[in-house]
């Protein structure tokens, strides 16, 4: 198996995702590589939030990062996103983060709310999985779904056939996908939802996920605790910092917190447990889960407007 070590410029010996800089030369440097045409970058919400907050010209900053690192790996958030590409005449979406994919852009065409239309090339190693877009599905919906596709599978593994009290912090796309998975695999569970905005609350109620919703800043730990306590499971999908303590406060002793956010600082999460004096299980949401593309596409067929219209 080729993991791309030959593309790493510095520091030598690490995998491409952990590297500061990789070689993004748009031709094969190993027989197992796939060179694909890149059409769109769907940046993760934490990275896009940081770019919008700090730069007037987001496209120029993206080109600057790629020039420095050979990949779209935001040095502030340490995150990337996913891309839409073409390979052998088919539209594909790699499961792998942009932070691990050698990338070269020749043009930024347009910047949208969550992503950037581009022209360029990317290098996929043989360890990198990818999905073809299902027939009839809008590619913009598919790329949004696959960016958070591992979450429903991981939620299913925890909640299946159980009756739990579950808090979702952050009711954006990841939070919605988590709720849909819980509704499907653990229909007797009770869901609570918190978000700083209420823009998805009507959708959540209409789908029957829950009516127990609150407009709260998840960094306000006492406000979160007053709304939800002694939960069996807390799933943190917030794309803003300083929500770790609230997650630990809301879960019960020996309960589980899953952090599915690139804004999470895992030292804060770990240290919050002893500061609060609570023995809990902390799970880092994995970037890949076998069968994730089938799972998320099945959810979208069941809830066709889950992520809105494109």
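Please report how far the C-alpha centroid of the stretch 252-310 lies from that of the stretch 117-183, rounded to the nearest whole angstrom. Cα centres, the stretch 252-310 to the stretch 117-183: 11 Å. R0 = 41 Å: FRET efficiency of residue 219 with residue 117, Cβ-based, nearest 0.05? Efficiency, from the Cβ-Cβ distance: 0.80. Per residue, the average separation of C-alpha pairs within less than 8 Å and at least 6 apart gives the stretch 51-184 a relative contact order of 18 percent.
For the stretch 190-305, what does the alpha-carbon gyration tensor say about shape, rounded, prolate or oblate, given a ≥ b ≥ c as the root eigenvalues, a/c under 1.5 as rounded, and a/b over b/c as prolate? Cα axes put the stretch 190-305 in the oblate bin.
Considering only alpha-carbon pairs that sit under 8 angstrom and 6 or more positions apart, the relative contact order computed for the chain is 15 percent. Annotation: the antiparallel percentage among DSSP beta bridges lying fully within the stretch 150-302 is about 0. Pull out a ≥ b ≥ c, the square roots of the eigenvalues of the alpha-carbon gyration tensor of the stretch 13-141, then state rounded if a/c is under 1.5, prolate if not and a/b is larger than b/c, and oblate in the remaining case. It is oblate, given that a/c is not under 1.5 and a/b is not larger than b/c.
Rounded to the nearest 5, the antiparallel percentage of DSSP beta bridges internal to the chain is 60%.
At a Förster distance of 25 Å, what's the computed FRET efficiency of residue 110 paired with residue 78, Cβ-Cβ distance as r, to 0.05?
About 0.45, to the nearest 0.05.
Per-residue packing, averaged as other Cβ atoms within 10 Å, sorts the ranges 283-294, 260-271 into the order 260-271, 283-294, beginning with the highest. Note on the stretch 1-77: percent of Cα-Cα distances in each 5 Å bin, starting at 0 and stopping at the bin with the largest distance, equals 3, 14, 21, 23, 18, 13, 6, 2, 0.
For the peptides 25-34, 299-308, 148-157, residues were scored by their other Cβ atoms within 10 Å and the scores averaged per peptide; the highest-first order is 148-157, 299-308, 25-34.
Just so you know, all these numbers are worked out from the coordinates, no wet-lab data involved. For clarity, every value in this text was computed on a predicted model and none was experimentally measured. Backbone-built Cβ (ideal geometry, glycine too); neighbour counts: all protein chains shown.
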